[in-house]
Amino acid sequence: MSLPVDPLWPRAGNWPPPSGHADFALVGVPTFSRSISKTNANQTPDAVRAMIPRYSEFSHAGGRELSFADYGNLADPDTDETGAISAISAIDADLLVALGGDNSATVPVALGRFGTALNTAGLVTVDAHYDLRDGVSNGSPVRQLVEAGLDGKRIVQIGISDFANSAEYAARARELGITVILRDELLSTPINKVMARALEIAGSARGPIHVDLDVDVCDRSVAPACPASVPGGISAHELRTAARVAGAHPQVTSIDLVEVDATADTPDARTVRLVALCVLEAAAGLRSRS
């Protein structure tokens, strides 16, 4: 269905391919084949791109004008992780937003953006799960990043949920020195304050920060296309706020949005719509950087 045209209401998205440095870059990282739950998450990046033009880039918060670039989708990040890391590292942008794909996308995006600064880098996850599993899957990216050299003391995990984890992996997080903020704690502290504190911890060595926004942290009513979302997760507004706060932070060089299977969404595409709005929230945050 074609969208109405109004010259006074320009639409977001349809950003050009790269031609030098961009303030904000988009890339698809369609990982899916190693997912613990069956998923067609590899189809989500293009679904999100198609949804973005339903919205405008305008935010009442204002800020500076941005240049945009869309790097398309990585060819095969599941079987060629080294190539995916190299492709990510070549992206010339102040802030990169990566569209997954399952949570396996976090590894090549973070490592590609950290580069030689891994020893000072930090990670913030907004996720119901620890992602510290053994093996290589969408349940293991945090463990893989630690094994690659990321210091657990500069990892903060927000939204960790009851009945979605195990005692063993909770103990592993403690042993690694990871700061864990449980889902219930977000009922008494606004997520913007939680994110600000998390970014302070992750950025304590003044290195780059990657923010992993796993959409299954949300309540299943707003994220039905996430195989692992449950009733009682965070709200759509909280996830959008987390994306904007991340985009505004000067050390955040990359954000991923993962664990959405666009083919499993509701007829109104509410999950894909939420991801599209998180992309725009991240850009709105970037506009506020001085």
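None of the figures in this text is laboratory data; all of them are computed from the coordinates on show. All values derive from a computational prediction rather than experimental measurement. Here the Cβ positions follow ideal geometry from the backbone for every residue, glycine too, while neighbour counts run over all protein chains shown.
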Members of segment 51-86 found to be within 20 Å of P18 (Cβ to Cβ) and among the hydrophobic types (A, V, I, L, M, F, W, C), listed by number: I52, L66, F68, A69, L74, A75, A84, I85
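Only one of L239, L213 is within 11 Å of the chain's Cα centre (by Cα), surrounded by 20 or more Cβ atoms within 10 Å (Cβ to Cβ) and part of a strand (DSSP E or B). Can you tell me which?
Numbers: L239 fails: part of a strand (DSSP E or B).
The match here is L213.
What do you reckon, is F32 more than 13 Å from D261 (Cα to Cα) and either in a loop (DSSP other than H, G, I, E, B) or of a type outside the set (A, V, I, L, M) (or both)? Break it down into steps so the answer makes sense when it comes.
Numbers: more than 13 Å from D261 (Cα to Cα): no; either in a loop (DSSP other than H, G, I, E, B) or of a type outside the set (A, V, I, L, M) (or both): yes.
It is false that F32 is more than 13 Å from D261 (Cα to Cα) and either in a loop (DSSP other than H, G, I, E, B) or of a type outside the set (A, V, I, L, M) (or both).
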Given (1) free of Cβ contacts under 8 Å to residues at least 60 places away in the same chain; (2) more than 21 Å from the chain's Cα centre (by Cα), number of the condition W15 does not satisfy: (2)
Filter result for D184 (farther than 30 Å from Q43 by Cβ, of a type in the set (D, E) and assigned to a loop (DSSP other than H, G, I, E, B)): no
Of all residues making up segment 10-56, the number that are surrounded by fewer than 14 Cβ atoms within 10 Å (Cβ to Cβ) and either β-branched (V, I, T) or in contact with a Ser or Thr (Cβ under 6 Å, 6 or more places away or on another chain) (or both): 0
Those residues of segment 259-281 which are under 26 Å from R34 (Cβ atoms), among the hydrophobic types (A, V, I, L, M, F, W, C) and buried (at least 18 other Cβ atoms within 10 Å of the Cβ), in sequence order: V260, A262, A269, V272, L274, V275, A276, C278, V279
Among residues of segment 257-290, those that are under 19 Å from A12 (Cβ atoms) and either among the aromatic types (F, W, Y) or assigned to a strand (DSSP E or B) (or both), counted: 1
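Yes/no per residue for (1) within 17 Å of the chain's Cα centre (by Cα); (2) surrounded by 17 or more Cβ atoms within 10 Å (Cβ to Cβ):
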residue: T125; (1), (2): yes, yes
residue: G149; (1), (2): no, no
residue: V156; (1), (2): yes, yes
residue: A167; (1), (2): no, no
residue: A170; (1), (2): no, no
residue: S188; (1), (2): no, no
residue: K193; (1), (2): no, no
residue: D219; (1), (2): yes, yes
residue: S235; (1), (2): yes, no
Per-region count, segment 198-239, residues among the hydroxyl-bearing types (S, T, Y) and touching a residue at least 24 places away in the same chain (Cβ under 8 Å): 2
Given (1) crowded, with 24+ Cβ neighbours inside 10 Å; (2) on the phi > 0 side of the Ramachandran plot; (3) among the aliphatic types (A, V, I, L, M), number of the condition I255 does not satisfy: (2)
Some residue of segment 52-74 being over 24 Å from R273 (Cα atoms) and over 14 Å from the mean Cα position of the chain (by Cα): yes
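Examine segment 206-224 for a residue that is among the polar types (S, T, N, Q) and in contact with a strand residue (DSSP E or B) (Cβ under 9 Å, 6 or more places away or on another chain), and state whether such a residue exists. Steps first, please.
Within segment 206-224, the first condition is being among the polar types (S, T, N, Q), and the residues that meet it are 221.
Restricting the remaining residues to those that are in contact with a strand residue (DSSP E or B) (Cβ under 9 Å, 6 or more places away or on another chain) gives none.
No, that holds for no residue.
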